[in-house]
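Encoded as structure tokens, the structure appears first; notes follow it.
The values are calculated or read from the model by the stated rules, or taken from the named source; none is laboratory data. For clarity, every value in this text was computed on a predicted model and none was experimentally measured. Please note: Cβ atoms are built from the backbone with ideal geometry, for glycine as well, and neighbour counts cover all protein chains shown. Each accessible area value is taken on the protein alone, full model and side chains, heavy atoms only, with ligands, DNA and RNA left out. Shrake-Rupley method; radii C 1.70, N 1.55, O 1.52, S 1.80 Å.
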Amino acid sequence: MSHNQIGLRIDGRRPAELRKITSTTCVLSQADGSAYLEHGNTKVLAAVYGPREARHRALVLHDRAILNVELNVAPFSSGERRRRSKNDKRLLEMASFVKQTFEPVVIATLYPRSQIDIYLQVIQHDGGTLQACINATTLALIDAGIAMTDYVCACTAGWVEREAAIDLNYIEESSDTSEVTIAMLPKSSKITLAQMESRLHVDKLEEVFRLAGEGCKQMYEVMDKTIRDRAEDLARKMTV
Amino acid sequence: MPSLISPSERDYILKGIECNIRADGRQRPDYREVILETGVISQTSGSARVRLAGGTDVLVSVKADIGPVLVDPETGEGADKGQIICNVECAPSASQQFEGRGADELNNELTQMMTRFLSHNTTTLSTPSSTTPSSTGAPNNNGAGGINLSKLCIIPGEQCWILYVDALVLDYGGNLVDAVFMGTRAAIFDTRIPKTEVQDLGDGNFDFEVLDDAEDTEVVEGREDMPICITLNKIGARHIVDASPLEELCTEAKLVVAVNRSGELCGLQKGQDGGIEPSLLLEMIQFGKTLGQTLIKQLDAKIKAEAEADTIKRQNGQPVVKLGFFAQ
């Protein structure tokens, strides 16, 4: 994997530069809240249903809502066509990461005895699927009007060719490097998810985490703008 | 919400259809507006996205892979043909009923329907006006789906192109079958298969090479003859097309008619638990056939207009950006 002398990565980005991020909310007609997010070529659709009556009576909590996350990957999402079953361990693990990330953030005590469903659909996969899923979920939850204490912004970071870099694409991910996914609450800078693949020297850890944190702050700016634009748009439509 | 309907709502819809007024202002034979976009997914051989105004959103991708031929052990057929493998999946984001295993039955039904209408091989006795008669007078090599499968064969008896057609239902607003087939037709239209060069190594051995030229690709032969489906819903004594979710809940009997551009019937399936009188059945089939042909013309015009617009953009050096979800 080549690395330019001027410090550019394989797709021409600087180490601390995110890919082109585009997002929009309210894209589905049936869901209570939905969002579509693109991190470069990674495209994820998030749909939120809820709060609604819980499906499984046994799991109902008397004082708070339960969160249910399902993650699906389309067979055409990666270069090689591959159908993944619903019980694929990797997908279940990622879904549980998303659940774990949002459980402390969603103010579930406002919706006792109910269920909030989050359905994620990966349409195209080019690295950074988990971060895209978390970011799309944040937007979808806001679109659904579910109370949260803060945004949750996620970013991947890794050690690419002698320096720390954020938002790794598929080629960078599959190379012999470790990848860290961080989900952060931007206002308090608290981390709700920290997950790492492969090995990373402990000396490099701080640099990678710091860079990921900055990446999350950048994500926050982008996501906040999307939400505010949408809110202004709605306000304008209502006053006409 | 869509799995329950109150008796008053049902009555309202029933009476409205009697008077030729549907809940959203349409008349019985009116279709909702169709928004179509091709080439929306990279890394595929062809793709399309179909949206019916009202919510139904289907994404279809076609991937051409090389694999061994599938020979039917009983008839010995298939050694010189390619394959089409279909798969339909309803994402849980589409509707509340699709979470967990809720969509399994619907997925299977749609997949089997697609497989039957598209890749089931027949030896037709008629002389279809749209296909050229083969010179040796051999049976028609097209599947009922119109696609020329023998053209997809690379080395007879060994390797062939396999078209994986994957449909993903992202949003449910009624009338899934029609949307899936429209999307499939558009995606197959958009599909480009790389050319292959077969070398004869002698002794009956062949080797082939896939030409990696992005500009020099082939279209899927027979794609114009691909059928689309029209779903007719019998409500009361009348029938409607393109039902919304609430209208689907009031449906007594459902008839899916697959028709191609020549007006040939490529498939028929009746669903739900009501009955249809034979006279009404024939009327519905005729109606579906006529409507299907009109719809195919409109779809083809849309695809052609989009391709032309893209070519103009490319000639002017402008980037061709697919709107996808950002289209309003």
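What number do you get for segment B:2-56 when its Cα radius of gyration is normalised by 2.2 N^0.38 Å, N = residues?
Cα-based Rg divided by the globular estimate yields 1.68.
When the gyration tensor of segment A:201-240 is built from Cα positions, what are the square roots of 5 times its three eigenvalues, in whole Å, from largest to smallest?
39, 4, 4
Per residue, how big is the convex hull around the C-alpha atoms of segment B:201-321? Give it to me in cubic angstrom, could you?
204
Peptide B:169-175: average number of partner chain Cβ atoms within 10 Å per residue?
Taking all residues of B:169-175 together, the mean is 3.
On a straight-distance basis, which lysines could pair with B:K304 in a cross-link, Cα separation under 29 angstrom, same-chain partners fewer than 8 positions away excluded?
Correct list for B:K304: A:K43, B:K63, B:K81, B:K151, B:K195, B:K289, B:K313, B:K322.
Excluding residues fewer than 8 places away in the same chain, name every one of the aspartates and glutamates whose C-alpha is closer than 20 Å to that of A:K225.
Candidates past the 8-residue exclusion: A:E17, A:E38, A:D143, A:D150, A:D167, A:E214, A:D233.
Which value, in Å² and to the nearest 10, is the accessible area of A:H201 when all protein chains are kept and the probe is 1.4 Å?
100
Given a 10 angstrom Cα cut-off, can you work out which residue in A:F76, A:F97, A:F209 is the most mobile in a GNM of chain A?
A:F76
For chain B, what does the relative contact order come out to in percent, with C-alpha contacts under 8 Å and a separation of six or more?
19
Tell me, what is the 1.4 Å probe accessible area of A:W159, in Å² to the nearest 10?
60
Inverting the mean 1/r over all pairs of different Cα atoms, compute the Kirkwood radius of segment A:168-240 and quote it in Å.
Roughly 14.6 Å, rounded to one decimal.
How big is the dipole moment of segment A:26-120 about its Cα centre under a simple scheme where the beta carbon of each Lys and Arg is +1, that of each Asp and Glu is -1, and everything else is neutral? Debye, nearest 20, please.
380
Roughly how big is segment A:13-239's charge dipole about its Cα centre, with Cβ charges of +1 (Lys, Arg) and -1 (Asp, Glu), in debye to the nearest 20?
660
Divide by every residue of the protein assembly as shown the summed helix terms, -39500 (n - 2.57) for each DSSP H run of at least 4, and state the resulting mean residue ellipticity at 222 nm, rounded to the nearest 500 deg cm²/dmol.
Only helices count here, giving -9500 deg cm²/dmol.
Taking chain B as the reference, fit the longest principal axis to its C-alpha atoms, fit the long axis of helix B:7-18 to the helix C-alpha atoms, and give the angle between the two in degrees, 0 to 90, nearest 10.
Around 70 degrees separate the two axes.
What lysines sit close enough to A:K204 to cross-link, taking a C-alpha to C-alpha distance under 23 Å and skipping anything fewer than 8 places away on the same chain?
A:K190, A:K217
Please determine, in degrees from 0 to 90 and to the nearest 10, the orientation of helix A:129-143 with respect to the longest principal axis defined by the Cα atoms of chain A, where the helix direction is its Cα long axis.
30
What Kirkwood radius, in Å to one decimal, follows from the Cα pairs of segment B:44-91?
Final number for the Kirkwood radius of segment B:44-91 is 13.6 Å.
Using the alpha-carbon atoms, what tilt in degrees (0 to 90, nearest 10) does helix B:278-315 show relative to the longest principal axis of chain B?
Around 60 degrees separate the two axes.
So what is the orientation-averaged projected area of segment A:13-239, using the convex hull of its C-alpha atoms, in nm²?
Over all viewing directions, segment A:13-239 projects a mean Cα-hull area of 13.5 nm².
Tell me the relative contact order for chain A as a rounded percent, counting alpha carbon contacts under 8 Å between residues six or more apart.
After rounding, I find 21 percent.
For the protein assembly as shown, state the average projected area of the convex hull of the C-alpha atoms over all orientations, rounded to one decimal in nm².
32.6
How large is log10 of I(q)/I(0) for chain B at q = 0.09, 0.14 Å⁻¹ when the intensity is taken from the Debye formula with one equal scatterer per alpha-carbon?
For chain B at q = 0.09, 0.14 Å⁻¹, log10 I(q)/I(0) is -0.51, -1.16.
In whole Hz, with x marking every Gly and Pro, tabulate ³J(HN,Hα) for segment B:86-94 from phi via Karplus 6.51 cos²θ - 1.76 cosθ + 1.60, θ = phi - 60°.
Values, residue by residue: 9, 8, 10, 9, 9, 5, x, 5, 6 Hz.
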